[in-house]
Amino acid sequence: MTIATINKPLPLLFSPLKLGELVLRNRIVVSPMCQYVSLDAGPTDYHMVHLGQFAMGGAGLIFCEETAVEDRGRKSYHCAGIYNRQQIPQYHRINDFLRQHGAIPGIQLGHGGRKSSATPPWEGYRSLTEADRPLGEAPWTTISSSPISASIHSAKPHELTTSEISQVITHWAEAAEHAAEAGYDVVEIHAAHGYLIHQFLSPLVNQRKDAYGKDLAGRMRFCLEIIEAIRKVWPARKPVFLRVSAVDGSGPAWTLEDTVRLAQEAKLRGIEVLTPSSGGIGGAGTATLVPRTPGYHVPFSKRVKAETSLKTIAVGLITQAQQAEHILQNNEADLIALAREFLWDPYWSVHAAKELGVDNFYDLLPRTYGWWLKRRDEIKTVTQTAATIDLAPPAL
Ligand SMILES: Cc1cc2nc3c(=O)[nH]c(=O)nc-3n(C[C@H](O)[C@H](O)[C@H](O)COP(=O)(O)O)c2cc1C
């Protein structure tokens with residue numbers, strides 16, 4: 001059902017967005033959120049309910065969590081992956097459901113690099129050790145641009161040779177092919193938060209002297225070759241997004257200027273949307289130079305958008321409908337992503353539509369919900385004495 005307002009323009013947050021042939025029903029994005037509950041890297045009923053509730057609640061684009069392109073790239077044994085063909089139908093089932101409820105399914109492809117072989121956050125997100133082997137969680141050798149440990153407690157990663165780099169890039173392309181087969185309409189390349197691509201981009205980790213290091217062009221090369229490899233296999237009519245840490249956690253080693261350069265090069269290779277995030281490579285897992293205040297990545301989004309004409313996603317402590325609408329009206333982003341707020345309120349989208357004055361906001365919900373709720377509102381507005389108000393559903 002089309003969302004509408006009478007005698008006033010539709011809020012931008014609820015205006016559809018066209019990306020090539022793809023039309024998002026609104027500008028609301030469920031940001032990727034690792035759940036650490038996958039089984040053999042595949043999704044379960046948990047993921048169907050977790051992601052399904054956001055579609056039933058009216059979100060436009062729903063990203064599943066960071067999904068590894070090879071098993072070495074999973075952060076933990078409980079993380080998602082899309083490197084086996086048997087995982088394809090498992091994801092397909094969920095994507096069909098999201099689409100049936102009006103949402104577009106997106107996948108974030110990633111590789112943890114030296115931050116892999118770890119425990120989930122609630123177990124400290126510490127590196128696995130030999131002591132974990134008897135518990136069924138043997139540590140594995142991680143990979144990176146240079147043999148520099150992620151923390152003093154983690155083992156040195158293996159420094160990839162150039163031929164091994166080519167193999168890893170092939171894994172990204174294969175994962176994108178699997179994702180297309182699984183019915184995803186958007187793929188986002190995860191180059192942020194200190195994971196493998198970021199480990200090539202940032203001089204805090206990348207100390208290589210070959211063509212994949214040395215200078216900015218060398219450090220960007222791995223990322224750009226992954227974009228090229230994915231664009232070759234990903235359907236031309238479907239967009240590719242890129243998520244980067246706009247600045248390092250303990251830099252300034254990777255700067256906003258570097259991000260703009262990367263965005264320009266990425267755009268030339270077919271990236272349509274960029275999500276500027278921050279941090280993850282130095283200090284604590286999420287350490288960043290950016291204070292976590294409401295809308296803390298919006299200035300990055302605004303700058304990238306202005307200097308590259310790429311579409312951007314604003315993410316980071318955006319929790320209010322008016323706040324989201326204001327960012328769009330100011331032309332600081334094209335899409336608004338929320339993560340934690342969706343954990344608190346999976347139906348945030350329909351609540352935001354009501355708050356922004358969308359007349360038929362219930363139409364964002366399945367008819368099996370909206371019909372009843374509309375009727376309840378009609379009953380509530382009829383002036384009757386409390387004794388005669390019929391709040392009960394009709395006998396069916
Ligand atoms: C539970 C959880 C899991 C996350 N997993 C990912 C992930 O898989 N990929 C990613 O790029 N960011 C991940 N993030 C970061 C979010 O996508 C988002 O950028 C961040 O939480 C800021 O948005 P918020 O303030 O709306 O939560 C995760 C955040 C949370 C809370």
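The values are calculated or read from the model by the stated rules, or taken from the named source; none is laboratory data. Everything numeric in this text was worked out from a predicted model, so none of it was measured. We place every Cβ from the backbone using ideal geometry, glycine too, and count neighbours over all the protein chains shown.
Remarks
- Of all the numbered requirements in (1) within 14 Å of the ligand (Cβ to nearest atom); (2) within 22 Å of ALA192 (Cα to Cα); (3) of a type outside the set (Phe, Trp, Tyr), GLN320 misses one, and that requirement is (2).
- Residues of region 318-339 that turn out to be surrounded by fewer than 20 Cβ atoms within 10 Å (Cβ to Cβ) and either within 16 Å of GLY279 (Cβ to Cβ) or in contact with a Gly (Cβ under 8 Å, 6 or more places away or on another chain) (or both), as a count: 2
- Residue match in region 295-317 (condition: surrounded by fewer than 22 Cβ atoms within 10 Å (Cβ to Cβ), part of a helix (DSSP H, G or I), more than 16 Å from the ligand (Cβ to nearest atom) and in contact (Cβ under 8 Å) with a residue 60 or more places away in the chain): no
- Qualifying residue in region 174-184 (condition: surrounded by fewer than 23 Cβ atoms within 10 Å (Cβ to Cβ) and either in contact with a Gly (Cβ under 9 Å, 6 or more places away or on another chain) or farther than 30 Å from GLY60 by Cα (or both)): no
- Within region 181-232, considering residues that are of a type in the set (S, T, N, Q) and either more than 24 Å from THR141 (Cα to Cα) or in a loop (DSSP other than H, G, I, E, B) (or both), the one nearest to the ligand (Cβ to nearest atom): SER202
- Per the listing PRO252, PRO276, the residue uniquely more than 19 Å from ALA150 (Cβ to Cβ) and at pLDDT below 95 is PRO252.
- Checking each residue in region 71-121 for being under 21 Å from GLY183 (Cα atoms), over 18 Å from the mean Cα position of the chain (by Cα) and buried (at least 24 other Cβ atoms within 10 Å of the Cβ) picks out no residue at all.
- Any hit, region 200-209, residues being surrounded by 17 or more Cβ atoms within 10 Å (Cβ to Cβ), touching a helix residue (DSSP H, G or I) at 6+ places or on another chain (Cβ under 7 Å), within 26 Å of VAL29 (Cβ to Cβ) and not aromatic (Phe, Trp, Tyr): yes
- Scope region 213-259; condition among the hydroxyl-bearing types (Ser, Thr, Tyr) and surrounded by fewer than 19 Cβ atoms within 10 Å (Cβ to Cβ); matching residues: SER250, THR255
- Enumeration of residues in region 165-180 that are away from the ligand (no atom under 16 Å from the Cβ) and touching a Leu at 6+ places or on another chain (Cβ under 8 Å): VAL168, ALA176
- Considering residues of region 77-108 that are more than 12 Å from the ligand (Cβ to nearest atom) and of a type in the set (Gly, Ala, Ser) only, the residue farthest from ILE169 (Cα to Cα): GLY102
- Top-ranked residue in region 109-132 [being at pLDDT 95 or above, assigned to a loop (DSSP other than H, G, I, E, B) and within 14 Å of the ligand (Cβ to nearest atom); ranked as nearest to ILE169 (Cα to Cα)]: HIS111
- Residues considered: ALA59, ALA55. Of these, the only one that is closer than 16 Å to TYR184 by Cα and part of a loop (DSSP other than H, G, I, E, B) is ALA59.
- Residue in region 242-256 that is closer than 24 Å to ILE88 by Cβ and not hydroxyl-bearing (Ser, Thr, Tyr) present: yes
- Residue in region 145-160 that is buried (at least 22 other Cβ atoms within 10 Å of the Cβ) and either modelled with pLDDT under 95 or closer than 20 Å to ASP185 by Cβ (or both) present: yes
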